[in-house]
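**Student:** Just passing along the structure, written as structure tokens.
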Amino acid sequence: MSPETFNAPEPEQLAELLPAYDFEAFIAKGGMGAVYKATQKSLDRAVAIKVLPREFGADPEFRQAFETEAKAMAKLNHPNLISVYDYGDIDGMPYIVMELVEGKSLYHSSWNKAIEPEQAVTIVEGILQGLGHAHEHGILHGDIKPANILLTAKAEPKIGDFGLARPADSEGTGIIMGTPGYAAPELTRSPESIGKSTDLFAVGVILHELLTGIRPDTNDGAPTQPFGDARLDAIWKKATDADLSRRYATAEEITADLGKWRSSPRLTTAGGQSPLAGAMKRHSALPAGGTSPDAQPKTLATAQPAAGPPRKPSPATSPPTVQVSTGSNWSVVKYALGAAVLIAAIFVGVKVMKQSSEDSDLAENQAKKKAFENRPNTGTTEEPADPEPEPEEPAEAPPVADNDPEPVEDPGPPPEEREPETTLEALERLKSDLAAGKREEFPPATKRRGEDDFLFIETPMSWYQALSFAEAHGGHLALAKSPEELSWISQIVPGETDIWLGAGRAGRNVWTLNDGTDWALDDTPRGVGPFASINQFGTLRAGKVDETKPFVIQWHRDGSNPATIKAILKHTSATLDTPNPIFPPGTESSSARHMAIIPLPMKRSEAEALATLAGGILAVPASANEASWLADELEPYDGSTGFWLGGQREGESWAWDSGETWDHTKWISDEAPAEGGDALVIVPNQGWTSADAAQPASGLIIEWSSDAP
């Protein structure tokens, strides 16, 4: 079945068939099915849903295999394994609901790289914990390799693609075949011996690969480059021993030896060589610290292999690819498509195997086996060029179910595909739709709460820059209208970072939300500054105008936006006749005069329109005291092109829009500028100057006072 033959249902169609889920977008489409990003309404959690073609659902054998494997995978509930939540059938199409994970595979992150031993051991321990859990539940993986291991944003491994899995207590060859370089010898020599240690063999290969940057040659008698730490070398060698009686039998045994290595002095190298400290300099560690939800996962820093020849790209022809929709995440795709392989591979493989066992020529198969075992040994880590190529991420083809299957060649370095779309790239792609009120698709890492969607933006901006950015993308800064909402928003904050909220101090220490809602929280932000922020512990802080912080965009599912800058100013205008007007966040007051400095670039006509919308005027500092006070308030601002004031040139002289007397000036130079435009701006920390009204200035200053017209 080719990718073109499966007409994937639109998310809207699936929303009707599976009302328990909100379908948000395609992740990928291919011949084996389609993967969707969705939210499980009852638990408010993001999931990936794989829908398979009706041709699979119509086959009784496939449906039985599908149900059996889905139940088996659902047992594997462990933080180091991709979780399966549910399965079923909709309109004749089988589907499976899985954990949605953002991240890159270990294959893409570590190919031909060496990392710090501590980090390598930590990753391997996570792999072993996941495998140990699977083995305890009677499931073998059968194809452990870096391409089937996902690294989360915190560099925690999660094993996926149990498509080649089989019961741990089953007998016979089954369809396990592994990947050359990671496949234990019994996979081709004595399939009846396959067991837990078969998976552990591949873990030993991965440990060596992470430590040295190269994969060991596990052929009998072939030389292998040691890492240099005697204990670690002993661990990976025991894990990859061809003799099953000498190999580790359980994941717990390897984990125990790795634990002993952690607690022991690590200075002695194999063969009495120089201390490990010298070798450590040849490695790079994973970046320290956490990352944001929308950020890219940590990758293994590039480093030269400790020793030995580098792995080279395979000369094999280009492997098959999967059609992926714009904005898809390759790692999510790879593990989602693994769910298809877990069904289709078993089903197709078993059927082919049955036919093969009836028609195959035993002599021919034995000749294949002998040729494979006696293939020339080059003494390098290159794979032979003649076997069939292994499909690259994210798709994997069903294995050939031969009695003695041919090996599949290592894919070589990660393909030079376009990098997965980042959160900001997806946000930019969706900008026009979101700004128009469309809510069919959101960027990755968007979180749902009730009828609203929230997205953390890690790029630090000033409060007004963040406000403008959110508005340009159809949303607004997150509003906290209750302690519960405040607590929920604080959970989005990574580490000890503060984020801006859609709230500020309006006038004389009155705090308000950007949509005009009264402040309903028990506490008000602490500190100096007119804008509200919050940290991960829910602590409210006051932020200054010259500070930059990350923020959270909030969208309403109905497409409305009640907290834009225009909405804020309209609310001010509507409350001017009340005893306590609600001015925009950041408004400063002096006597009966209130001024809001808004650092958003715009032309003078736009500035005048906003001032009018707010029921005020462009600021008129007509007296020396007012001019000095305003100059002080502007000190923290950066505005090289100035902020619009309510003054204009009339012939050879200047006049205030309010009609007040022009009897005081604060020109940058000693005299009024003779050219440069007929509008008036004030440049922070410099003074007044002329400007072209048709060109954008750095912002505007709105005034509300008794002498305003």
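**Student:** Across segment 532-572, what is the total count of residues that are over 27 Å from Pro601 (Cβ atoms) and touching a helix residue (DSSP H, G or I) at 6+ places or on another chain (Cβ under 9 Å)?
**Tutor:** The qualifying residues number 7.
**Student:** Something else: Quickly run through segment 667-697 and pick out the residues that are touching a residue at least 40 places away in the same chain (Cβ under 8 Å), open to solvent by 20 Å² or more (accessible area, probe 1.4 Å) and not in a strand (DSSP E or B). If you could, list the steps in order and put the result at the bottom.
**Tutor:** From segment 667-697, those touching a residue at least 40 places away in the same chain (Cβ under 8 Å) are 679, 681-685, 687-691, 693-697; that's our starting set.
Still in the list and also open to solvent by 20 Å² or more (accessible area, probe 1.4 Å): 685, 689, 693-696.
Within segment 667-697, Asn685, Ala693, Ala694, Gln695, Pro696 meet the criteria.
**Student:** Output yes when any residue across segment 695-706 is farther than 24 Å from Pro581 by Cα and in contact with a Phe, Trp or Tyr (Cβ under 8 Å, 6 or more places away or on another chain), and no when none is.
**Tutor:** yes
**Student:** Quick check, is Asp558 in contact with a strand residue (DSSP E or B) (Cβ under 9 Å, 6 or more places away or on another chain) and among the acidic types (Asp, Glu)? Don't jump to the end; show me each part of the working.
**Tutor:** Working: in contact with a strand residue (DSSP E or B) (Cβ under 9 Å, 6 or more places away or on another chain): no; among the acidic types (Asp, Glu): yes.
The answer is no for Asp558.
**Student:** Report yes if Pro443 is under 23 Å from Val101 (Cβ atoms), in contact (Cβ under 8 Å) with a residue 12 or more places away in the chain and within 20 Å of the chain's Cα centre (by Cα), otherwise no. Explain how you work it out, then say what you get.
**Tutor:** Values: under 23 Å from Val101 (Cβ atoms): yes; in contact (Cβ under 8 Å) with a residue 12 or more places away in the chain: yes; within 20 Å of the chain's Cα centre (by Cα): yes.
So Pro443 fits the description; yes.
**Student:** Okay, moving on. Quick test of your reading of the structure: Leu150 fulfils all but one of (1) part of a loop (DSSP other than H, G, I, E, B); (2) modelled with pLDDT of 50 or more. Name the failing condition by number.
**Tutor:** Against the list (1) part of a loop (DSSP other than H, G, I, E, B); (2) modelled with pLDDT of 50 or more, Leu150 comes up short only on (1).
**Student:** What number of residues within segment 578-614 satisfy the criterion of being in contact with a Lys or Arg (Cβ under 9 Å, 6 or more places away or on another chain) and part of a loop (DSSP other than H, G, I, E, B)?
**Tutor:** 4
**Student:** Tell me whether segment 535-558 contains one or more residues that are among the aromatic types (Phe, Trp, Tyr) and surrounded by fewer than 17 Cβ atoms within 10 Å (Cβ to Cβ). Spell out how you get there, then give the answer.
**Tutor:** The initial filter retains those residues of segment 535-558 that are among the aromatic types (Phe, Trp, Tyr), namely 537, 551, 555.
Add one more test, that the residue is surrounded by fewer than 17 Cβ atoms within 10 Å (Cβ to Cβ), and what stays is 537.
Yes, some residue in segment 535-558 is among the aromatic types (Phe, Trp, Tyr) and surrounded by fewer than 17 Cβ atoms within 10 Å (Cβ to Cβ).
**Student:** Would you tally the residues in segment 645-661 being exposed (fewer than 14 other Cβ atoms within 10 Å of the Cβ) and assigned to a loop (DSSP other than H, G, I, E, B)?
**Tutor:** Quick first cut of segment 645-661, residues exposed (fewer than 14 other Cβ atoms within 10 Å of the Cβ) only: 650-653, 659, 661.
From what is left, the residues that are assigned to a loop (DSSP other than H, G, I, E, B) are 651-652, 659, 661.
So the answer is 4.
**Student:** In addition: So if I check each of Glu633, Glu626, which one is over 18 Å from Pro599 (Cβ atoms) and either hydroxyl-bearing (Ser, Thr, Tyr) or surrounded by fewer than 22 Cβ atoms within 10 Å (Cβ to Cβ) (or both)?
**Tutor:** One residue alone meets the criteria, Glu626.
**Student:** Where residues in segment 160-213 are open to solvent by less than 10 Å² (accessible area, probe 1.4 Å) and touching a His at 6+ places or on another chain (Cβ under 7 Å), which of them is modelled with the highest pLDDT?
**Tutor:** So, considering only residues that are open to solvent by less than 10 Å² (accessible area, probe 1.4 Å) and touching a His at 6+ places or on another chain (Cβ under 7 Å), the one modelled with the highest pLDDT is Asp199.
**Student:** A further question on this structure: Those residues that are at pLDDT below 90 and crowded, with 18+ Cβ neighbours inside 10 Å, I need them from segment 15-30; list them, please.
**Tutor:** Once the filter is applied, which keeps residues that are at pLDDT below 90 and crowded, with 18+ Cβ neighbours inside 10 Å, segment 15-30 yields Glu24, Ala25, Phe26, Ile27, Ala28, Lys29, Gly30.
**Student:** Another question, if that's okay. Taking into account only those residues within segment 427-476 that are basic (Lys, Arg) and more than 24 Å from Lys566 (Cβ to Cβ), which is least open to solvent (accessible area, probe 1.4 Å)?
**Tutor:** Going residue by residue through segment 427-476, those that are basic (Lys, Arg) are 429, 431, 438-439, 447-449.
Still in the running and more than 24 Å from Lys566 (Cβ to Cβ): 429, 447-449.
Numbers: Arg429: 82, Lys447: 82, Arg448: 23, Arg449: 82 Å².
Here the answer is Arg448.
**Student:** Return the pairs, sorted by first residue and then second, in which the second residue is among the charged types (D, E, K, R), the first residue lies in segment 227-241 and is farther than 18 Å from Ser197 by Cα, the beta carbons are less than 7 Å apart, and the residues are 6+ apart or on different chains.
**Tutor:** Phe227/Asp233; Asp229/Arg266
**Student:** Quick one: count up the residues across segment 43-91 that are in contact with a Ser or Thr (Cβ under 9 Å, 6 or more places away or on another chain) and part of a strand (DSSP E or B).
**Tutor:** 3
The values are calculated or read from the model by the stated rules, or taken from the named source; none is laboratory data. Quick caveat, the model's predicted, so the values are computed rather than measured. With ideal geometry, Cβ positions are generated from the backbone for all residues, glycine too; neighbour counts draw on all protein chains shown. The protein model used for the area step is the full one, side chains on, heavy atoms only, and it has no ligands, DNA or RNA in it. Shrake-Rupley method; radii C 1.70, N 1.55, O 1.52, S 1.80 Å.
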